[in-house]
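Below is one structure; the comments refer to it alone.
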Amino acid sequence: MTEVVIQDLTKRYGAAAAVDSISLSISEGEFVSLLGPSGCGKSTTLRLVAGFDQADAGKILFDGQDVSPLPPERRDIGMVFQSYALFPHMTVAQNLAFGLQMRKAPRAVIEERVARALDLVRLDGKADRYPRELSGGQQQRVALARALVIEPRILLLDEPLANLDAKLRDEMRLFIGELQRRVGITTIYVTHDQAEAMNMSDQVVVMFKGRIEQRGSPRDIYERPNGLEVATFIGQANFLSATVTVDTGRLMAQTALGTRPLPPESDASPGQVLSVLVRPEALTLTDSAAPGAVSGVVELAQYNGAFTEYRIRLADQETVCVQTPGPARHSRGVGVGLRLAMDPLWPIGSDA
Ligand SMILES: Nc1ncnc2c1ncn2[C@@H]1O[C@H](COP(=O)(O)OP(=O)(O)OP(=O)(O)O)[C@@H](O)[C@H]1O
Ligand SMILES: [Mg+2]
């Protein structure tokens, strides 16, 4: 297993930096996702780690060894792309054997490793099929097996599920997560799909415009985003204006939906006006008459199958989104009540 360290890595195309001085440490066996909008530099970062592109500045270390001067084939990485890029004229077994043959592995070793890799991705019966005879999900599993069969130090995955339909993507997500834990290989996974990153990763690295905006566990990123951009990119977010108060020595956020504690690490000062993050699941919808509820008016009700999403306008004109299971029970223009969970509120920035 291998530890990966990226130091001040920069890649420019013309005047623009696709990757702008990023630093990142990935522990042995860790599953790290690079998550961010299109064009933020995820694939470029991965290509630099793989060695397909040369950095303009910075270093990449595998277990302390600077691999920057090494070509891809000497970096000992396994890579899977969005397009499966299987050799169409070779059978599954031949696709898998190819990398080992290039490395001049003995025939017996090749046979054994190919069989093991096929078993790993549960395709043992398909060794003699051609890629065109397989489904998209099966082809992507072959691509995974082909990346793993060489027993690389690091697994690099660039949107490997993007070409699959939604159901298959869910299945493969579970499959890749399980496989990675079983093999225990250090993995960097590129995606712009936040659910994918949250589901599978030990750590999520959020990138914007060639830079790392935040790195943390999926929970950190969701519950404690370090700014407006991360908060809105990951899941649904409401922002409420809050005034900082003090109650028995504890900093509180006073909002239109009630007063709740600020997290202990907050450095806000009493009287300050902040924005706080309220995720839709922290809100419950009630009849306006319910005690302790704050009243609002339904501005929009959108049914999505599993849940209905409401936009509610509060008395102070702020709006919030709430989700309730099942079909819409309140229609536009109707008065409702809102209840905010008792949890601390995460500050997202100062209101100017
Ligand atoms: N070969 C290249 N020549 C010029 N510009 C490039 C090249 N490769 C990438 N870029 C630019 O660098 C930036 C980052 O691209 P990159 O492919 O890393 O983004 P990404 O985060 O992977 O996006 P996506 O989610 O769309 O795949 C983009 O602005 C892109 O246009
Ligand atoms: Mg990309």
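Round to a whole angstrom and tell me the spacing of the C-alpha centers of the range 25-58 and the range 193-247.
Going from one Cα centre to the other spans 19 Å.
Take peptides 194-206, 286-298, 335-347 and line them up by average Cβ neighbours within 10 Å, highest first, as a rough protection proxy. Walk me through the numbers before you get to the answer.
Values: 194-206: 21.0, 286-298: 15.5, 335-347: 18.2.
Top to bottom by mean Cβ count within 10 Å: 194-206, 335-347, 286-298.
Fewest first, what order do M1, M207 take by the number of other Cβ atoms within 10 Å? If you can, show how the numbers build up before the last one.
Numbers: M1 13, M207 25.
Ranking M1, M207 by Cβ neighbours within 10 Å, fewest first, gives M1, M207.
Quick one: work out Rg over Rh on the C-alpha atoms of the range 1-145, Rh as Kirkwood radius.
Numbers: Rg = 17.5 Å, Rh = 17.1 Å.
Value, to two decimals: 1.02.
List the residues of the range 288-304 whose backbone N lies under 15 Å from a point placed 7 Å from the Cα of E318 along the Cα-to-Cβ direction.
294-297
I'd like the FRET efficiency for L61 and L228, computed as 1/(1 + (r/R0)^6) with the beta carbon distance as r and R0 of 45 Å, rounded to 0.05.
Details: r = 33 Å, r/R0 = 0.74.
My answer for the efficiency is 0.85.
How would K167, K42 line up from fewest to most surrounding beta-carbon atoms within 10 angstrom? Don't skip to the answer; put the middle values down first.
Working: K167 9, K42 26.
Listing K167, K42 from fewest to most nearby Cβ atoms yields K167, K42.
Return the whole-Å distance between the Cα centroid of the range 1-24 and the Cα centroid of the range 288-350.
Between the Cα centre of the range 1-24 and that of the range 288-350, the gap is 42 Å.
Can you work out D for the chain in µm² s⁻¹ from Stokes-Einstein, where Rh is the Kirkwood radius over C-alpha pairs, the temperature is 10 °C and the viscosity is 1.306 mPa s? Working shown, then result.
On the way: Rh = 23.0 Å.
In µm²/s, the coefficient rounds to 69.
Working from Cα positions, state the angle (0 to 90°, nearest 10) between the long axis of helix 107-120 and the longest principal axis of the chain.
That works out to roughly 20 degrees.
Kindly state, to the nearest 0.05, the FRET efficiency for E73 paired with A290, given R0 = 56 Å and r defined as their beta-carbon distance.
Result of the calculation: an efficiency of 0.25.
Can you sort T232, T187 by how many other beta carbons sit within 10 Å, fewest first?
Values: T232 14, T187 26.
By the 10 Å Cβ count, ascending, the order reads T232, T187.
How large is the dipole of the chain about the Cα centre if only Lys and Arg carry +1 and Asp and Glu carry -1, each at its Cβ, rounded to the nearest 20 debye? It would help to have the intermediate numbers written out before the result.
Numbers: 37 positive and 42 negative charges, 167 e Å.
The dipole of the chain has a size of about 800 debye.
Enter the mean projected area of the convex hull around the alpha-carbon atoms of the range 242-322, in nm², rounded to one decimal. Walk me through the intermediate numbers first.
Numbers: hull surface 26.1 nm².
For the Cα atoms of the range 242-322, the hull's average projected area reads 6.5 nm².
Taking only the alpha-carbon atoms of the range 137-285, what semi-axes of the equivalent ellipsoid follow from 5 times the gyration tensor eigenvalues under a square root, in whole Å, largest first?
The answer is 40, 16, 13 Å, longest axis first.
Just to be sure I understand: if I project the alpha-carbon convex hull of the range 301-352 onto a plane and average over all orientations, what area do I get in nm²? Each step should come with its number before you reach the end.
Values: hull surface 20.2 nm².
With the hull built on Cα positions only, its mean projection is 5.1 nm².
For the range 1-154, what is the charge dipole size about the Cα centre, in debye to the nearest 20, if Lys and Arg each add +1 at the Cβ and Asp and Glu each add -1 at the Cβ?
Working: 19 positive and 18 negative charges, 105 e Å.
The calculation lands at about 500 debye.
Just need the relative contact order of the range 4-232 here, percent rounded to a whole number, with Cα pairs under 8 Å and 6+ apart. Mind showing how you got there, number by number?
Values: 419 pairs, mean separation 65.3, N = 229.
Across the range 4-232, relative contact order equals 29 percent.
Set Lys and Arg Cβ to +1 and Asp and Glu Cβ to -1, take the dipole of the chain about its Cα centre, and tell me which of S266, L148, I185 lies farthest positive.
The one lying farthest along the dipole's positive direction is L148.
Read the figures in this text as sums done on the coordinates, not as results from a lab. Everything numeric here is computed off the predicted structure, so don't read it as measured data. Please note: Cβ atoms are built from the backbone with ideal geometry, for glycine as well, and neighbour counts cover all protein chains shown.
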